[in-house]
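Chemist: Quick one: structure below, then a few questions.
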Amino acid sequence: MPATRQRRNPFAAVLAALIAALIALVTLTACGSDSDGDSASPATASSAASTTHEVVDMGGRHVTVPTHPNRIVTNYPAVTQIIFMLGGIERVVGVPLSNLTTLPLFKKIYPPLAQKKAVFGSDTTTVNTETLLGQKPDLVVLTAGNQALVKKITDLGVPVVQIASFPNYKKLNEGVEFLADVLGGEAPKRAQQYVEYVDENVTTINKGLEGIPATDRPKLYYTANSPLNTEGGGSIIDNWSTLAGGVNVATAHGVQGTMKDVSAESIVQWDPEYVFCRDASSCRAIQADPRWSSVSAVRDKHLIVNPRGVFVWAARSAEEALQPLFVAKTLHPAQFADVSIENEIKEFYKTFYSYDLTDAEVTGILNPTQP
């Protein structure tokens, strides 16, 4: 039965409006006559209440944070990169040491990065509390899981929020959205744009891989801290390996988690067809190590130095949005012949960093030599 709208008596509406206006006038007069200075006006009270709000961080903690934090310290270089992408880098006053000593493209695109204070060591857990307090932070962003570090900083009177370590693309998107909500302003719009970009890439890859049987999905191996250090099930490396149409041999043979050591004998037995090296030095070491000579990836010259730009694509940063496209095109070139990784990189940097890459800079991202 269609809904019907009730008609209002126009005379009753006028009378109600007059009564409301009279009440408002009396209230305003009463507030204006309060001259003892002890009570804040409603407008002032509302403004004060809006300066902070409560969030639930990615560690599950309820934290009262500034509504618009202006002096932020991070302990993880990828978080600094995400804040840059979300338009909040000017509010970052302290960073981990590795933000200052590695990834030169970040400093080239945003030179003031080099002047930020190193509050945390390269290990992300060693904090210089004197330097931290010297920056007068109103918020510290930590990677989740180190409760002792959280307590150490909160005991100094500084609010802390934790962000997950991005074990998959779902958590990566959630992390970007969480940081955007904490930053406020235009950041949530930028985060939505980023999430849509990631989802579009996933759709493109799924469409390109339609009909490819499991037997045609190449085996790959990823090097983390060294040639014999890798990542298995439950890591974002495993996520993009599968998404891009590959099989992570470490996961297939029971390796779980991040930064796990394996033996050279195991790798020879697993016989990956592709090796993706986080660092160029690992690929060089593999090439020079006779223990690897029988591995298919070495024989077929499929040692791939993973791209890195403002941050390494392979592990736990927002530039991970580009990684599955790169890997899918590497493993299945015929299915992704119309995908230009070079154009994707330029578009990503233009959209999310407002920076026009040169062809030489794109080549450097795709063929990194520095740590």
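The values are calculated or read from the model by the stated rules, or taken from the named source; none is laboratory data. Everything numeric in this text was worked out from a predicted model, so none of it was measured. Positions of Cβ are generated from backbone atoms using ideal geometry, with glycine treated the same way; all protein chains shown enter the neighbour counts. Remember, those area values only see protein heavy atoms, side chains included, never the ligands or the DNA or RNA. Shrake-Rupley method; radii C 1.70, N 1.55, O 1.52, S 1.80 Å.
Chemist: Might you check whether a residue that is among the acidic types (Asp, Glu), closer than 24 Å to residue 239 by Cβ and crowded, with 20+ Cβ neighbours inside 10 Å occurs anywhere in the range 309-321?
Modeler: yes
Chemist: Any chance you could count how many residues in the range 308-321 are in contact (Cβ under 8 Å) with a residue 24 or more places away in the chain and under 19 Å from residue 259 (Cα atoms)?
Modeler: 8
Chemist: Which of the strands (runs of 3 or more DSSP E) found entirely inside the range 72-154 contain at least 2 residues meeting this: not hydrophobic (A, V, I, L, M, F, W, C)?
Modeler: Per the criteria, 92-96.
Chemist: Here's a check for you: in the range 179-231, which residue that is in a helix (DSSP H, G or I) and acidic (Asp, Glu) is farthest from the chain's Cα centre (by Cα)?
Modeler: Filtering the range 179-231 for residues that are in a helix (DSSP H, G or I) and acidic (Asp, Glu), the one farthest from the chain's Cα centre (by Cα) comes out as 216.
Chemist: Can you tell me which residue among 151, 170 is free of Cβ contacts under 8 Å to residues at least 12 places away in the same chain, under 30 Å from residue 346 (Cβ atoms) and not acidic (Asp, Glu)?
Modeler: 170
Chemist: Taking the range 184-212, which residues are small (Gly, Ala, Ser), open to solvent by 40 Å² or more (accessible area, probe 1.4 Å) and over 16 Å from residue 332 (Cβ atoms)?
Modeler: Selection gives 185 alone.
Chemist: Evaluate the following for residue 278: is it touching a Ser or Thr at 6+ places or on another chain (Cβ under 7 Å), at pLDDT below 95 and crowded, with 19+ Cβ neighbours inside 10 Å? Quick ask: steps written out before the conclusion?
Modeler: Values: touching a Ser or Thr at 6+ places or on another chain (Cβ under 7 Å): yes; at pLDDT below 95: no; crowded, with 19+ Cβ neighbours inside 10 Å: yes.
Answer is no for this residue.
Chemist: Return the residue satisfying two criteria in turn: it lies in the range 340-369 and is in contact with a Gly (Cβ under 8 Å, 6 or more places away or on another chain) and among the aliphatic types (A, V, I, L, M), and of such residues it is farthest from residue 103 (Cα to Cα).
Modeler: Out of the qualifying residues, it is 345.
Chemist: Here is a further query. Of (1) small (Gly, Ala, Ser); (2) open to solvent by less than 10 Å² (accessible area, probe 1.4 Å); (3) not in a loop (DSSP other than H, G, I, E, B), residue 266 satisfies all except one. Which?
Modeler: Failed condition: (2).
Chemist: Tell me which residues, restricted to the range 57-93, are hydroxyl-bearing (Ser, Thr, Tyr) and surrounded by fewer than 21 Cβ atoms within 10 Å (Cβ to Cβ).
Modeler: Those that are hydroxyl-bearing (Ser, Thr, Tyr) and surrounded by fewer than 21 Cβ atoms within 10 Å (Cβ to Cβ): 64, 67.
Chemist: Which of the residues spanning the range 322-365 are surrounded by 21 or more Cβ atoms within 10 Å (Cβ to Cβ) and free of Cβ contacts under 8 Å to residues at least 12 places away in the same chain?
Modeler: none
Chemist: Has the range 285-292 got any residue that is within 13 Å of residue 330 (Cα to Cα), touching a helix residue (DSSP H, G or I) at 6+ places or on another chain (Cβ under 9 Å) and open to solvent by 20 Å² or more (accessible area, probe 1.4 Å)?
Modeler: The answer is no; no qualifying residue exists.
For (1) of a type outside the set (Gly, Ala, Ser); (2) open to solvent by less than 70 Å² (accessible area, probe 1.4 Å); (3) at pLDDT below 95, each residue gets a yes or a no:
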site: 108; (1), (2), (3): yes, no, no
site: 111; (1), (2), (3): yes, no, no
site: 117; (1), (2), (3): yes, no, no
site: 134; (1), (2), (3): no, yes, no
site: 156; (1), (2), (3): yes, yes, no
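Chemist: Name the single residue that is farthest from residue 75 (Cα to Cα) among those in the range 109-136 being basic (Lys, Arg) and more than 20 Å from the chain's Cα centre (by Cα).
Modeler: The residue in question is 136.
Chemist: Cβ-Cβ under 9 Å, sequence separation 6+ or interchain: first residue in the range 181-202 and under 21 Å from residue 162 (Cα atoms) and of a type in the set (Ser, Thr, Tyr), partner at pLDDT 95 or above and assigned to a loop (DSSP other than H, G, I, E, B). Which pairs?
Modeler: 194/86
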